[in-house]
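The structure appears below as structure tokens.
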Amino acid sequence: MTSDYRVGLLGHGTVGSAFARLLEERAEGIEAATGRRPVLSGTLTRGDGEFHEILERSDAVVELMGGLDPAREYVAGALRAGRHVVTANKQLVSRHGEELFAAAAEAGVQLRFEAAVAGVVPVIRVLQESLAGAYVERVHGIVNGTTNYILTEMARTGASYEAALAQAQRLGYAEADPSEDVDGRDAAAKMAILARLAFGTPVRLDQVPYEGIEHIAPDDLEYARDFGLGLKLLGTAERVDGGLSVRVHPAFLYPGHPLASVNGPYNAVTVESDAITEITMSGPGAGGPQTASAVLGDLVSVMTGQDAPRGLEAELEVVQDVASAFYLHLEVADEPGVLAQVAQVLGLQGASIKSVVQKGLGNDARLVMVMHPVAESKFFAALELISGLDFLRGAPRAIRVIEEEFV
């Protein structure tokens, strides 16, 4: 005779309600696979339920409230009480993960968080299970579906950032207040989580520099096509000179990169290692049913006793200054010697031009170039000097370029 597996649900919004429906729909199949039938033992909402009562009646707790307060208190309390916890709360894991991992280890229970990073894309499961023995060199991620949709529409239709954002809001891909998505904060929290798993090093959210897509203009995408480039908001975590760099920013990709063809509201993550070359996983990003599916997958893993995420390895120092290629957009006076002066300033900082396009605009001109890789600190020092030149007609725009391709 099988027994019930009691699940306490914290939060009943878009994802919480989708999870409750999915749990009921899949209960019979999960019972057949695990020998126990998952049932909701209680649900905590803003107006109903008591956490401690739900905790007493639960074998595991699913936290889908979001935010830090009171989610942090509830998740920590559940772990200390010996309950497995599944959460989709990226801010909670990225800001207070080490505290929660320690509480889970001390109580001998699991903290699962697949849905906190890339929706239904099983990147966390792959890192902690399939690639547990791999020496990961780099992780690249498109981990925010909102920004990927906006950039896809700008490239496809020539729309402005504002028009593409409005379209994303109409379709439900962007929130009424999209700031956390479009400024890169959401992706930064997710990359902090991925970096810990891939490299065994605790990474705080405040150690992840991030940039958003608000400053991207349609002509950036138009000129990028001349260079064969496509634009993504990209998260990167990679080994650099014995340390670890984690960052989020817009980046141009050449067609041979596996993330270059990921369009619309989709997420994708590429994991690189000498042993495997690269593995790319992609699928729908945010959304109630997609997130709920990832949460349910974690719950089934807990029920079947699969191992929790691996612990920390030797900690790597977080590195801030890395080398990158750049796209540089300059509006200048159409005068003799302008390009030569720009090239001279770049050269003094060790930056060299790979390719350049020049277009006349009456008395002015537009210079668009792609640089060879250079230390970011040196490039931005050159950019500051260029910004002060008399012939400049507007603020320079710079976007990183990922040169690596897999063909």
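The values are calculated or read from the model by the stated rules, or taken from the named source; none is laboratory data. Computed from a predicted structure; not experimentally measured. Cβ sites come from the backbone with ideal geometry, for glycine too, and all protein chains shown count toward neighbours. Just so you know, the surface numbers come from the protein's heavy atoms only, side chains and all, with ligands and any DNA or RNA stripped out. Shrake-Rupley method; radii C 1.70, N 1.55, O 1.52, S 1.80 Å.
The table for this structure:
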{"read-out": "Glu404 farther than 23 Å from Pro218 by Cα, open to solvent by less than 70 Å² (accessible area, probe 1.4 Å) and out of contact with any strand residue (DSSP E or B) (no Cβ under 8 Å at 6 or more places or on another chain)", "value": "yes"}
{"read-out": "Number of positions in region 29-50 that are of a type in the set (Val, Ile, Thr) and closer than 16 Å to Pro70 by Cβ", "value": "2"}
{"read-out": "Residue list for region 196-208, filter: under 13 Å from Leu316 (Cβ atoms) and open to solvent by less than 30 Å² (accessible area, probe 1.4 Å)", "value": "Arg196, Ala198, Phe199, Gly200, Thr201, Val203"}
{"read-out": "Residue list for region 19-28, restricted to those being over 22 Å from Pro70 (Cβ atoms) and either aromatic (Phe, Trp, Tyr) or under 32 Å from the mean Cα position of the chain (by Cα) (or both)", "value": "Arg21, Leu22, Leu23, Glu24, Glu25, Arg26, Ala27"}
{"read-out": "Set Glu211, Glu238: member being closer than 24 Å to Gln91 by Cβ, crowded, with 20+ Cβ neighbours inside 10 Å and out of contact with any helix residue (DSSP H, G or I) (no Cβ under 8 Å at 6 or more places or on another chain)", "value": "Glu238"}
{"read-out": "Any pair with Cβ under 7 angstrom, 6 or more apart, that starts in region 1-28 at a residue that is open to solvent by 40 Å² or more (accessible area, probe 1.4 Å) and ends at one that is among the acidic types (Asp, Glu) and at pLDDT 90 or above", "value": "Thr2/Glu31; Arg6/Asp59"}
{"read-out": "Subset of region 373-400 (residues that are crowded, with 16+ Cβ neighbours inside 10 Å, in contact (Cβ under 8 Å) with a residue 40 or more places away in the chain and over 16 Å from Glu331 (Cα atoms))", "value": "Pro373, Val374, Glu376, Phe379, Arg400"}
{"read-out": "Search result, residues across region 216-225 that are in a helix (DSSP H, G or I) and under 11 Å from Pro250 (Cβ atoms)", "value": "Asp220, Leu221, Ala224"}
{"read-out": "Filter result (among the charged types (D, E, K, R) and either touching a His at 6+ places or on another chain (Cβ under 9 Å) or closer than 24 Å to Ser377 by Cα (or both)) within region 185-210", "value": "Arg185, Arg204, Asp206"}
{"read-out": "Restricting region 178-195 to residues that are of a type in the set (D, E, K, R) and part of a helix (DSSP H, G or I), the residue that is most open to solvent (accessible area, probe 1.4 Å)", "value": "Arg185"}
{"read-out": "Selected residue [within 23 Å of Pro122 (Cβ to Cβ), modelled with pLDDT of 95 or more, touching a Lys or Arg at 6+ places or on another chain (Cβ under 8 Å) and small (Gly, Ala, Ser)] from Gly235, Gly200", "value": "Gly235"}
{"read-out": "Qualifying residues in region 302-329 (those that are surrounded by 15 or more Cβ atoms within 10 Å (Cβ to Cβ) and modelled with pLDDT under 85) - the one farthest from Gly145 (Cα to Cα)", "value": "Leu316"}
{"read-out": "Extreme residue, nearest to Val121 (Cα to Cα), among residues of region 267-281 that are assigned to a strand (DSSP E or B) and of a type outside the set (A, V, I, L, M)", "value": "Asn267"}
{"read-out": "Top-ranked residue of region 116-144 - restricted to ones that are assigned to a helix (DSSP H, G or I) and open to solvent by less than 10 Å² (accessible area, probe 1.4 Å), ranked as modelled with the lowest pLDDT", "value": "Ala118"}
{"read-out": "Gly42 vs. criteria over 30 Å from Asp181 (Cα atoms), modelled with pLDDT of 90 or more, outside any loop (DSSP other than H, G, I, E, B) and touching a helix residue (DSSP H, G or I) at 6+ places or on another chain (Cβ under 6 Å)", "value": "yes"}
{"read-out": "Hits in region 264-279 (condition: surrounded by fewer than 17 Cβ atoms within 10 Å (Cβ to Cβ) and modelled with pLDDT of 90 or more)", "value": "Gly264"}
{"read-out": "Residue in region 196-215 that is in contact (Cβ under 8 Å) with a residue 40 or more places away in the chain, in a strand (DSSP E or B), under 20 Å from Val182 (Cα atoms) and of a type outside the set (A, V, I, L, M, F, W, C) present", "value": "no"}
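Each row is one residue, and each column tells you yes or no for (1) crowded, with 21+ Cβ neighbours inside 10 Å; (2) acidic (Asp, Glu); (3) farther than 21 Å from Thr291 by Cα.
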position: Leu79; (1), (2), (3): yes, no, yes
position: Lys90; (1), (2), (3): yes, no, no
position: Gly108; (1), (2), (3): no, no, yes
position: Ile150; (1), (2), (3): yes, no, no
position: Ala159; (1), (2), (3): no, no, yes
